[in-house]
Amino acid sequence: MPAWTCTRHSDRASRVSAYGRPAIRSDARGALATLIAARPRVPAIRPSARALAWIRAVLFVSALVPLARLFALGYADALGANPVEFVTRSTGTWTLVMLCATLSVTPLRRLLGWPWLLRLRRMLGLFAFFYATLHFTTWLWFDQWFDPASMLADIMKRPFVTVGFTAFVLLLPLAATSTQAMMRRLGRRWQELHRLVYAIALLGVLHYWWAKAGKNDVAEPFVYALVVAGLLAFRLVWTTAGAVRARRATPPSRARAPGRPGRRRP
């Protein structure tokens with residue numbers, strides 16, 4: 001009887017790796033990793049340089065639509081009874097949208113097999129920083145009127161302001177090192193630095209949640225929390241599955257015989 005038709009053999013093989021070592025991932029992670037590996041085949045799309053330039057242009061214009069909407073509403077005097085709060089909420093929401101879009105590039109690239117999506121990630125990240133800057137400037141200018149004492153008191157008094165300010169400060173080095181020259185200069189440290197985007201996304205969701213919790217309206221922050229949690233879970237599962245594959249592909253080290261190598265004992 002073939003080995004794969006034997007239940008006991010398959011159960012034992014599922015618990016032991018190819019080199020006789022126990023598998024190191026749990027059933028839940030293994031199931032998620034198997035689901036990712038069994039994803040349906042997607043036709044490979046390789047846009048030309050000209051098509052990719054058009055995609056980038058369309059994405060650039062689309063990312064500016066929320067800003068154009070704010071200008072249009074302001075010109076029509078349709079920002080509501082509290083225009084400062086409206087602009088603050090809008091720019092903060094679009095900061096989270098751009099952060100989620102930036103974090104989704106790598107999962108989409110791996111699931112769809114479209115490496116050219118990485119060419120769009122830097123633009124999305126910079127737009128996240130752009131709307132975060134507008135969000136911070138609105139609070140700094142129209143809410144605090146550039147008063148350092150009032151700003152410090154607001155940061156210390158309201159926790160969601162503290163969390164949001166921390167997230168914005170963490171965004172600064174990411175935006176400053178987004179150029180190709182900085183990537184070459186920092187080398188591996190560049191990737192380690194830009195992993196801060198996950199912490200920034202978590203802080204952004206927490207900032208939004210606490211801001212809405214005072215009004216008992218956490219439905220929208222909950223959606224963003226689910227999206228960010230899903231993206232982080234995907235990265236965790238993919239990284240764990242890659243580590244397991246690498247571990248299984250590496251043969252066990254052989255014990256060296258006593259004595260000098262290549263020399264026989266008399």
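So that you can scan it fast, the table gives a plain yes or no per residue for (1) of a type in the set (D, E, K, R); (2) at pLDDT 90 or above; (3) out of contact with any Lys or Arg (no Cβ under 6 Å at 6 or more places or on another chain):
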site	(1), (2), (3)
Trp190	no, no, yes
Leu196	no, yes, yes
Ala199	no, yes, yes
Val205	no, yes, yes
Lys212	yes, no, yes
Asn216	no, no, yes
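Scanning the range 41-88 for residues being within 22 Å of Leu111 (Cβ to Cβ) and surrounded by 12 or more Cβ atoms within 10 Å (Cβ to Cβ) gives a total of 6.
Conditions (1) under 20 Å from Pro107 (Cα atoms); (2) at pLDDT below 90, marked per residue:
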position: Gly125; (1), (2): yes, no
position: Thr137; (1), (2): no, no
position: Trp145; (1), (2): no, yes
position: Ser150; (1), (2): no, yes
position: Gly164; (1), (2): no, no
position: Leu202; (1), (2): yes, no
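With a requirement of 1 or more residues that are open to solvent by 80 Å² or more (accessible area, probe 1.4 Å) and more than 30 Å from Gly230 (Cα to Cα), the helices (runs of 4 or more DSSP H) lying completely within the range 136-206 that satisfy it span 148-157, 180-186. Selection of the range 115-132 for residues being more than 15 Å from the chain's Cα centre (by Cα) and either of a type in the set (A, V, I, L, M) or crowded, with 17+ Cβ neighbours inside 10 Å (or both) yields Phe130, Tyr131, Ala132.
The values are calculated or read from the model by the stated rules, or taken from the named source; none is laboratory data. This one's a predicted model, so the numbers in the text were calculated from it and none came from an experiment. Glycine gets a Cβ as well: all are built from the backbone with ideal geometry, and neighbour counts include every protein chain shown. Remember, those area values only see protein heavy atoms, side chains included, never the ligands or the DNA or RNA. Shrake-Rupley method; radii C 1.70, N 1.55, O 1.52, S 1.80 Å.
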